[in-house]
Amino acid sequence: ESGDKLTPVSAAVVNEEKIAIVQESGEKGWWTYDRPLPEQFSVYQSVAEALAATEQSSAALVISHRILTEAESAILENGVLYRPKVLVLGIGCNRGTSAAEIDAVIDGTLAELYFSKKSVKAIATIELKKDEVGLLELVKKYGWEFGYYSPSQLNTVECQQPSDTVFKYTGAYGVSEPAALLYSKARVLELVKKKSGNVTISVAVIPY
């Protein structure tokens, strides 16, 4: 997220000091060498676990899509925060909705969830929206992936909040919910569905 601490953290690694690696999300198979992870590294499942460790580390690498709390941010005094691309945003919108309106809903929703926008990987929607200008502008602006599904594909996913109105106009009982689940391959959504103005949004985390 920031390069401010790259030099001191790298120095701690080179000097074989104790390093905490906190991984809350993202791909797991990043250690690809045919030897064990060096003993100077300790891997934790959460920031809280790392901060509570008996033997304190000299530096840290935190891999998370979350916005850290003030207390958790203490680990970044000599730490690097890496944002894995794990968030999938299921989006439904009225025809002609501006990129600015969709972007504002995304920003507000991620802020409510305490998720980082830097961890967004993709927008997913219905095939009918594959040429929606506002969506195309956003994925181009941020370099996000863009996925879309046919109504029959979306209907293979059971929606928690199905809509007869959406089915009437699109042939699918939901757009944002099933699109996010299909693209992310997650079993559950971090946000099932929120309607704001012309936009409906669902949020999933890719379960690597």
Quick one: compute the contact order of the range 108-155, relative version, from alpha carbon pairs under 8 angstrom and 6+ residues apart, as a percent.
42 percent
Scoring the chain by relative contact order with C-alpha pairs under 8 Å, at least six apart, yields a percentage of 21 percent
From the Cα gyration tensor of the range 1-76, with a ≥ b ≥ c the square roots of its eigenvalues, which class applies: rounded if a/c is under 1.5, or else prolate if a/b is larger than b/c, or else oblate?
rounded
For the pair Gln160 and Lys141, the simple spin-label estimate (label points 7 Å beyond Cα toward Cβ) gives in nm 2.8 nm
Taking the simple approach of a point 7 Å from Cα along Cα-to-Cβ for both Lys185 and Ser150, what is their distance in nm?
2.2 nm
Expressed per residue, the solvent accessible area of the chain in Å² (1.4 Å probe) is about 54 Å²
Please list, in order along the range 86-92, the HN-Hα scalar couplings obtained from phi with the Karplus expression 6.51 cos²θ - 1.76 cosθ + 1.60 (θ = phi - 60°), rounded to whole Hz, x for Gly and Pro.
10, 8, 10, 9, x, 10, x
For Leu61, other-chain or 5+-apart residues with amide H closer than 5 Å (H placed, Pro excluded) are Ala20, Ile21, Val22, Val80
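With a sphere of radius 9 Å drawn around the Cβ of Arg95, what net charge do the other residues whose Cβ falls strictly inside it have (Lys, Arg +1; Asp, Glu -1)?
Computed value for this residue: 0.
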Percent carbon-and-sulfur accessible area, the chain, ignoring ligands, DNA and RNA, probe 1.4 Å
53 percent
Options (i) -0.18, -0.77; (ii) -0.27, -0.84; (iii) -0.33, -0.87 for log10 I(q)/I(0) by the Debye sum over Cα atoms at q = 0.07, 0.14 Å⁻¹; the value derived from the coordinates is listed as (ii)
Angle, helix 133-142 long axis vs. longest principal axis of the chain, Cα atoms, 0 to 90°, nearest 10?
10 degrees
If R0 = 45 Å, then Glu17 and Lys130, at their Cβ-Cβ distance, give a FRET efficiency to the nearest 0.05 of 0.35
Net charge over other residues, Cβ less than 13 angstrom from the Cβ of Ser163 (K, R count +1; D, E count -1):
+1
Relative contact order of the range 121-203 (C-alpha contacts under 8 Å, at least 6 apart) in percent is 26 percent
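Given the rule -39500 (n - 2.57) for each run of at least 4 DSSP H residues, summed and divided by the residues of the chain, what is its mean residue ellipticity at 222 nm, to the nearest 500 deg cm²/dmol?
-8000 deg cm²/dmol
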Once you've got the GNM for the chain with C-alpha springs shorter than 10 Å, pick whichever of Tyr114, Tyr33, Tyr82 has the biggest mean-square fluctuation.
Tyr33
Please give me the summed charge of the neighbours of Ser42: other residues whose Cβ is under 11 Å from its Cβ, Lys and Arg +1, Asp and Glu -1.
-2
Report the longest stretch of the chain that contains none of the trypsin sites (Lys or Arg not before Pro) sitting in a DSSP loop with at most 15 other Cβ atoms within 10 Å.
29-94
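Can you tell me the FRET efficiency between Glu101 and Gln56 if r is taken as the Cβ-Cβ distance and R0 is 41 Å, rounded to the nearest 0.05?
The value I calculate is 0.30.
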In whole Hz, the Karplus estimates of ³J(HN,Hα) for the range 184-193 (6.51, -1.76, 1.60; θ = phi - 60°; x where Gly or Pro) are 7, 6, 6, 8, 9, 9, 6, 9, 5, 6
Check Glu145: other-chain or 5+ apart residues with amide H under 5 Å from its amide H, H built from backbone geometry?
Ala122, Ile123
Where does the range 1-45 land on Rg(C-alpha)/(2.2 N^0.38 Å)?
1.26
Taking 7 Å along the Cα-to-C-beta vector as the label spot, tell me the Lys118-Glu27 distance in nanometres, rounded to one decimal.
1.9 nm
R0 = 25 Å: FRET efficiency of Ser10 with Ser196, Cβ-based, nearest 0.05?
0.05
Rounded if a/c under 1.5, otherwise prolate or oblate - the range 124-187, Cα gyration tensor axes
oblate
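The values are calculated or read from the model by the stated rules, or taken from the named source; none is laboratory data. None of these values were measured; they are calculated from a predicted model. Here the Cβ is made from the backbone with ideal geometry for all residues, glycine too, and neighbour counts use every protein chain on show. For accessibility, only protein heavy atoms count, side chains too; no ligands or nucleic acids. Shrake-Rupley method; radii C 1.70, N 1.55, O 1.52, S 1.80 Å.
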